[in-house]
1. Quick one: angle between helix 18-34 and the longest Cα principal axis of the chain, in degrees between 0 and 90, rounded to 10, please.
2. Quick one: which of 112-118, 60-66 comes out on top by average Cβ neighbours within 10 Å, and what's the full order, highest first?
3. Looking at this model, which pairs from K42/K157; K51/K81; K42/K65; K33/K97 are more than 25 angstrom apart at the alpha-carbon?
4. Relative to the longest principal axis of the chain, what angle (0 to 90°, nearest 10) does the C-alpha long axis of helix 2-12 take?
5. Taking the Cβ of each residue in I159, I48 as the centre, tally the other Cβ atoms inside 10 Å and list the residues starting with the fewest.
6. Label points 7 Å out from Cα along the Cβ direction at N143 and H53: separation in nm?
7. What share of the DSSP beta bridges in the chain is antiparallel, in percent to the nearest 5?
8. Quick one, can you get me the convex hull of the C-alpha atoms of the chain expressed as volume per residue in Å³?
Amino acid sequence: MNNLIKQTLKIIAPNCFFSEKIVFFHIISRYFKIRNFKILSKFLDGHIYKKYHCNIEAGCEIGKKCVFPHPIGIVIGSGVKIGENVKIFQNVTIGGKRNKQNEELIDYPVIHDNVKIFGNTIILGSVEIGSGAIIGACSLVLNDVPPNAIYAGCPAKMIN
């Protein structure tokens, strides 16, 4: 199976960068998960983790031209929605947080288009990050971020 993946990549994407390969494998994994081929989906998720050292769940939605310049340590939860032209650097965690009213529900972030998320950032809960926003390194985002804003710190606050 591993040889099949390598041969497919050589034909489809011979000169792709890491982030393009990660998104490619994620799209296939998501396709298999939607169609209830869970074993194949888990296999591809494991391949992404083993090869690129990032854990991107098959349930998350990733838009076009999403870039991972340094894909080491990236964790993206299953209900996360990421828009187009988003740039995510190393050691970023984007995940859910249990809903206070209903413990069974998990709220996930929504990241809109043209957002940059720098290294060692954590984004948790039902957070909405507006288009064009920049999240600085080592930030903890627990609240909504307006469009075209720059947020940084722990917890993240707007920087003028």
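Read-outs: derived from the displayed coordinates by stated rules, not from any lab. Keep in mind the model is a prediction, meaning the values are calculated, not measured. All Cβ positions, glycine included, derive from the backbone under ideal geometry; neighbour counts span all protein chains shown.
1. Orientation of helix 18-34: about 80 degrees from the principal axis.
2. Per-residue Cβ counts within 10 Å, averaged per peptide and sorted highest first, yield 112-118, 60-66.
3. K42/K157
4. That works out to roughly 80 degrees.
5. Values: I159 11, I48 23.
In order of increasing Cβ crowding within 10 Å: I159, I48.
6. 3.5
7. Values: 4 of 27 bridges.
Percent antiparallel among DSSP bridges in the chain is about 15.
8. 107
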